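Everything below concerns the one structure shown next.
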Amino acid sequence: MESSIKINNHSLLSKIATNNGHGENSPYFDGWKAYDANPFHPQHNPEGVIQMGLAENQLSFDLIQKWIESNQNASICTPQGASCFKEIAIFQDYHGLPEFRTAIANFMNRVRGNRVRFDPDRIVMSGGATGAHETLAFCLADPGEAFLVPTPYYPAFDRDLRWRTGVNLLPVVCESSNNFKITREALETAYEKAKFDNITVKGLLVTNPSNPLGTFLDRETLKDVVNFINDKSIHLVCDEIYAGTVTKGDAFVSIAEVIEEVPTCNLDLIHLVYSLSKDMGFPGFRVGIVYSYNDNVVSIARKMSSFGLVSTQTQHMLASMLSDDKFVENFISESRIRLARRHDTFTRGLAQVGIGSLESNAGLFFWMDLRRFLKDATFESEMAFWRVIINEIKLNVSPGQSFHCSEPGWFRVCFANMDDETAMIALWRIKSFVRKNRNLKIKTKNQYWQNNQHLRLSSRRLEDMLTPHRMSPHSPLASPLVRAQN
Ligand SMILES: Cc1ncc(COP(=O)(O)O)c(C=O)c1O
């Protein structure tokens, strides 16, 4: 009876409203549910689940707080700033505050080592990069048409680009054998498959630096990508939301640089997505940017931005903060240092117990290789082991299949959304898990059960997974891409 009411209610709503395009019902949310039900707290819940599935940059908030305290006129809600309150509260132009667009363009230049110059008149606001992606999908493709996306990719692209637009995403399969490089061959294969399936490809979406890999594309690969989209006359959307997290400083190459080096490049095909959610650590402010070299796209996206404007109060405050060159310079370099330190603490710590990861130096995460822990090289085994990680090691990391990874056994580990103490506990939990299970192989089963009564159930499952003959054929010890040595 109850379900028939639900069905009837659903039929009153639109197909978009009732389809599963948001992805909230996917099994990958189980990790979040486990965290919500039992969140770690150092004093109140030390046995709780540690959230390592959230790509947040919380390592440099002390610097932000200090700036806020010494720049009280940046806010319209302080005695020092209240005189601007009315002017800011009534501003409603969808071009945005000119000083905000200028500050954002300069910030984008600075994050890319001032080797490029972004034009404030091409800056279009959106509700985070989330809104920017959907806006571009609306501008560039019709329902049923598609974008190619190299795998593994950020899971919410399925929601952001597809859900309300009816656009499709088609995977460009990248593999660990060459460190998930985007090759011309992989691009051509995906393009040809779409053609065979009668799907019109309108663009290629590249995330650089990559979420989840934490790597960034070299100049040659970017040139290949530009040549590919030029040859096919399709759009290139480059998500550079993690540009400022590159810990190797100047090594990052933006698409904005590369297009200047490819004279044949049709600039009407090139579009960038940016946001302050990662580099500044402000996902709550919902500051997203569409930056297009195509005048028509700028103009249409700006009209569409009415649906996702950034509050003028936020624009006002950020215009002030991001125009403070000294602060920005110091923030970017200090943030990079802290991210690098945290990244190295984790990856080196894990390497000590033989857990490898893809070599990376960007993003707020690393790509952990647990292939040898799987009972067999299947996504079912990956899921089973992920549940062990959540329920027994009590860490919410994200399984590779949620990123459309083509090979089971990879997991994304976020490391910048917690304080040092929590990070140490998380690391300790993984290390002791591995160590305990090494002992398991040495001791006989009976001895083990006698000594570890409380681990009885979980250890049986772990033992199954760790038995050498059941290891994945792609052991990380044999893999050229992993940094860890036993
Ligand atoms: C690659 C990528 N693009 C877009 C987003 C969405 O960012 P925003 O919070 O600005 O909407 C994320 C967030 O994790 C991301 O990783």
What shape does the chain have by the C-alpha gyration tensor, where a ≥ b ≥ c are the square roots of the eigenvalues, rounded means a/c under 1.5, and otherwise prolate means a/b greater than b/c and oblate the rest? prolate
What net charge do the residues around residue 41 carry, taking every other residue with its C-beta under 12 Å from that of residue 41, with Lys and Arg at +1 and Asp and Glu at -1? -3
How high is the relative contact order of the stretch 222-296, given as a whole-number percent (alpha carbon pairs under 8 Å, six or more residues apart)? 33
Of all beta bridges DSSP finds with both residues in the stretch 91-323, what is the antiparallel percent, to the nearest 5? 35
What do you get for Rg/Rh of the stretch 137-215 when both radii come from the Cα atoms and Rh is the Kirkwood radius? 0.97
Whichever aspartates and glutamates have a C-alpha closer than 12 Å to that of residue 436, once near sequence neighbours (fewer than 8 apart) are set aside: 463
Which longest uninterrupted range of the chain lacks any trypsin sites (Lys or Arg not before Pro) assigned by DSSP to a loop state (not H, G, I, E or B) and surrounded by at most 12 other Cβ atoms within 10 Å? 249-486
Quick one: work out the % antiparallel among DSSP beta bridges in the chain, nearest 5. 50
Between the stretch 327-341 and the stretch 35-112, how many Å separate their Cα centres? 16
Please list the equivalent ellipsoid semi-axes of the stretch 91-323, computed as the square roots of five times the alpha-carbon gyration tensor eigenvalues, in descending order and whole angstrom. 27, 20, 16
Per the Debye formula with a single identical scatterer at each Cα and no solvent contribution, what log10 I(q)/I(0) holds for the stretch 96-147 at q = 0.17, 0.29 Å⁻¹? -0.65, -1.06
Can you give the charge dipole size of the stretch 202-356 about its Cα centre, rounded to the nearest 20 debye, using +1 on the beta carbon of Lys and Arg and -1 on the beta carbon of Asp and Glu? 620
Using label points projected 7 Å from each Cα along Cα→Cβ, tell me how many nm separate residue 61 and residue 188, to one decimal. 5.0
Mean Cα-pair separation over length for the stretch 67-139, i.e. relative contact order, pairs under 8 Å, 6 or more apart, %: 17
Under a straight-distance cross-link criterion of Cα-Cα below 12 Å, which aspartates and glutamates are reachable from residue 33, leaving out those fewer than 8 residues away in the same chain? 24
Report, in degrees rounded to the nearest 10, the 0 to 90 angle that the Cα long axis of helix 98-111 makes with the longest principal axis of the chain. 40
For helix 295-304, report the angle its Cα long axis makes with the longest principal axis of the Cα atoms of the chain; keep it between 0 and 90° and round to the nearest 10°. 80
Computed magnitude of the charge dipole of the stretch 91-323 (debye, nearest 20; Cβ of K, R +1, Cβ of D, E -1): 440
Which is farthest toward the positive dipole end of the chain among 120, 276, 46, measuring Cα position about the Cα centre, with Cβ charges +1 (Lys, Arg) and -1 (Asp, Glu)? 46
In debye, nearest 20: dipole of the chain around its Cα centre with unit charges on the Cβ of K, R (+) and D, E (-)? 1780
Identify, among 106, 131, 143, the residue whose Cα sits farthest towards the positive end of the charge dipole of the stretch 95-183, taking +1 on the Cβ of Lys and Arg and -1 on the Cβ of Asp and Glu, with the dipole about the Cα centre. 106
Under the helix-only model (-39500 (n - 2.57) for each DSSP H run of 4 or more, divided by the residues of the chain), the mean residue ellipticity at 222 nm, to 500 deg cm²/dmol, is -12500 deg cm²/dmol
Modelling each spin label as a point 7 Å along the Cα-to-Cβ direction, I'd like the residue 380/residue 14 distance in nm, to one decimal. 4.0
To the nearest 10 degrees, how steeply does helix 128-140 sit against the main Cα axis of the chain, on a 0 to 90 scale? 70
Choose one of 422, 157, 306: the residue whose Cα lies farthest towards the positive end of the charge dipole of the chain (beta-carbon charges +1 Lys, Arg; -1 Asp, Glu; about the Cα centre). 422
In this model, which of 181/223; 248/431; 248/278; 193/375; 202/223 are farther than 24 Å apart at the alpha-carbon? 248/431; 193/375
Taking Cα pairs closer than 8 Å and at least 6 residues apart, the relative contact order of the chain in percent is 21
With each pseudo-label sitting 7 Å past Cα toward Cβ, what's the residue 72-residue 84 distance in nm, one decimal? 1.6
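Read-outs: derived from the displayed coordinates by stated rules, not from any lab. The structure presented is a predicted model; accordingly, all values stated were derived computationally and were not measured. All Cβ positions, even for glycine, are placed from backbone atoms using ideal geometry, and neighbour counts span all protein chains on display.
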